[in-house]
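A short write-up of the structure that comes next.
The values are calculated or read from the model by the stated rules, or taken from the named source; none is laboratory data. Note that the structure is a prediction, hence the values are computed from the model and not measured. Heads up, the Cβs are rebuilt from the backbone with ideal geometry, glycines too, and the neighbour counts pull from every protein chain shown.
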Amino acid sequence: MSKLLILGGNSATAGAVEAAKRMGVETVVIDMNPKAYAKRFADKSYDIDGKDVEGIVEIARGEKVDGVLLGAVEELMETYQRVCTELGLPCYATKELFDTFSDKRAFKELCVSNDVPTTQGGLYGPGDLEELKSKRFPLIVKPIDSSGSRGIRVCYSPEEVGDAISAALSFSEYDKVLVERYMTGQEVVVYYAFQDGEPTLLGICDRYTNHQRASMAQLPTSYIFPSRFTRAYIDGGEDCLVGEMFRKAGIKNGVMFLQGFEDDGVLRFYESGYRLNGAQEHQIFANTCGVDAKEMMVRLALGEGMADFRISSKADPFIHGKFGCKLSVLMNPGKISEFVGLDDIRRLEDVVYVNPSYDPGAVVKDAGTLKQIVCRFFVVSETKERLKFFIDEINRLFDVLDGDGKSLLMEPFDTGLILRYYRGLK
């Protein structure tokens, strides 16, 4: 039996641990948190800092692992690459590629040099306040090198810029931040898989967000598949431009997501992730097309290649005429006393996966970050009417209560959008 070392034990990585076990692979999860969610699914786990390369290598050698898998944790990319190098085990990318696709500035520069549309913006520091105050508002201020929506602020007036830059810098190793025009078009996420140097478009979704806190990063409430802009992205040539950019960059294998906005018929990208995505939209592609990013990355880690089939032969950006949703339920900061309805939701016909982020007793403190996602639900339906029905059922059944029996949930996704905006796509 093969043995796999998995870096990171957050809830988003749990699916990868489960996938490896289904494939008959023994799993060893590394995470400093002794209660990390993914550890409950692993055959073995260690409580060790994910950036302790020397300690992780020692564990890997002691366990005689056959491969190393990077979980859905961007901060551990460097650890992953170094551990693989020390052990002489397969690594799906070079340090240069990881740096390019995890650094917002480097990614934007790559897009510009390849004529791929991107959002407008630049790098600024505390000394540039007067220049920024003369810009057209609203603006969005981001750390160059952070993930999980940490340190992101939206500024609607010049008076907010100084505090926004300070917040972004507190989550960054740089002395500059990225300041962009705040886009108000539909947000989209585009997914690719790579096999022996060939990129394949897996699909596109529309990302809907909660607007209760206007100055904070807008947190996702729902991802709807396929995007309303899928056909235009393919027929308009953007897919070809992006694919050629990936080829020139030298990407061979792995999975990638690109985040952007629709702007007058064009998708403008602002961020990328060359790794398994914490949002786990791969659950939708696995269910509809049989292309499972988790299984592919496990195979790759063990030196078996991405798949024993051509990914392009199975992938369908229109998910075979079905409709999918990744529902991210948001909660206000507080201490979780009880979950309501999870077992009933798991039994719903069109619900394909349920992924809680926490256990009862957990305390959520960080407002304006992805830590406010208390649970992710994945739904695949034959019609948009069925999709709306089952999302409504989830919203009806699910609740998170504090110690006083009060709900901690934020306002839910408006499912009326599904009937208004979506239709079958071929």
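Scanning the stretch 395-416 for residues that are in a helix (DSSP H, G or I) and touching a Ser or Thr at 6+ places or on another chain (Cβ under 8 Å) yields one hit, 395.
Any residue at all in the stretch 220-234 that is of a type in the set (Ser, Thr, Tyr), out of contact with any Ser or Thr (no Cβ under 8 Å at 6 or more places or on another chain), in contact (Cβ under 8 Å) with a residue 60 or more places away in the chain and outside the structural domain of residue 150 (by TED's automatic domain parsing)? Within the stretch 220-234, one or more residues are of a type in the set (Ser, Thr, Tyr), out of contact with any Ser or Thr (no Cβ under 8 Å at 6 or more places or on another chain), in contact (Cβ under 8 Å) with a residue 60 or more places away in the chain and outside the structural domain of residue 150 (by TED's automatic domain parsing). Within the stretch 29-52, the set of residues being hydrophobic (A, V, I, L, M, F, W, C), touching a strand residue (DSSP E or B) at 6+ places or on another chain (Cβ under 8 Å) and closer than 15 Å to residue 79 by Cβ comprises 29, 30, 48. Of the residues examined, residue 337 is not one that is surrounded by 19 or more Cβ atoms within 10 Å (Cβ to Cβ), of a type in the set (Gly, Ala, Ser) and over 28 Å from residue 233 (Cβ atoms). Within the stretch 133-155, the set of residues being modelled with pLDDT of 85 or more, within 16 Å of residue 219 (Cα to Cα) and of a type outside the set (A, V, I, L, M, F, W, C) comprises 142, 153.
Cβ-Cβ contacts under 6 Å between residues 6 or more apart (or on different chains), taken from a first residue in the stretch 172-194 that is at positive phi to a second residue that is among the aromatic types (Phe, Trp, Tyr) and crowded, with 24+ Cβ neighbours inside 10 Å, are absent.
The residues listed here are 275, 247; of these, the one that is touching a Phe, Trp or Tyr at 6+ places or on another chain (Cβ under 9 Å) and not polar (S, T, N, Q) is 275. If you go through the stretch 318-334 and pick out every residue that is under 18 Å from residue 373 (Cβ atoms) and surrounded by 14 or more Cβ atoms within 10 Å (Cβ to Cβ), you end up with 10.
Residues in the stretch 149-164 that are assigned to a loop (DSSP other than H, G, I, E, B) and more than 24 Å from the chain's Cα centre (by Cα): 156, 157.
Looking at the stretch 1-109, the helices (runs of 4 or more DSSP H) lying wholly inside it that each contain 2 or more residues that are among the acidic types (Asp, Glu) and surrounded by fewer than 20 Cβ atoms within 10 Å (Cβ to Cβ) sit at 53-63, 77-87, 95-102. Scanning the stretch 98-117 for residues that are more than 20 Å from residue 172 (Cβ to Cβ) and either assigned by TED's automatic domain parsing to the domain that holds residue 75 or in contact (Cβ under 8 Å) with a residue 12 or more places away in the chain (or both) yields 111, 114, 115, 116, 117.
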